[in-house]
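Note sheet for the following structure.
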Amino acid sequence: MGPHIGKTDKDSIFFISDVVPITMKYIEREYIVGPKGHNKQYIIKNKKLIRELERKVGRIIAYEKSYIKSQGKPKFRQRVLDIHDYLEKELTTESNKSVLEEQIVYAGTSSDT
């Protein structure tokens, strides 16, 4: 699966197959971009782009599940499903302690063009 070119506040490339699941627990700080003193939080506001990225991530997850089922091992180097399962188990454990306020989200890498 190749990169996705999308429009944020400028043209950006999203490397869809490099996504990894995360929870807020593992986000240390805001991701900011721009020159020092004028940097800002990186937020994708384009709803159409968000839907398309989510659709493509869903395809990668389905492909990975199918690949594991047929080949017995993961295809992608970051082991998306292993990480997802770990986080889901962690959230369930935390839920039992009344801490479940997080959802697993998928964070990918992007490179501005």
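A few points about this structure:
- Pairs exceeding a 31 Å alpha-carbon distance, out of LYS36/LYS75; LYS25/LYS47; LYS25/LYS56; LYS36/LYS65: LYS36/LYS75; LYS36/LYS65.
- Note, ³J(HN,Hα) from phi for segment 71-84, Karplus 6.51, -1.76, 1.60, rounded to Hz, x at Gly and Pro: 9, x, 8, x, 8, 8, 5, 8, 6, 3, 5, 4, 5, 4
- Potential lengthening of the chain between LYS89 and ILE50 amounts to 11.4 nm, from the contour at 0.36 nm per residue minus the alpha-carbon distance.
- At full extension, THR23 and PHE76 could sit 17.1 nm farther apart than now, given 0.36 nm per residue minus the alpha carbon distance.
None of the figures in this text is laboratory data; all of them are computed from the coordinates on show. Note that the structure is a prediction, hence the values are computed from the model and not measured.
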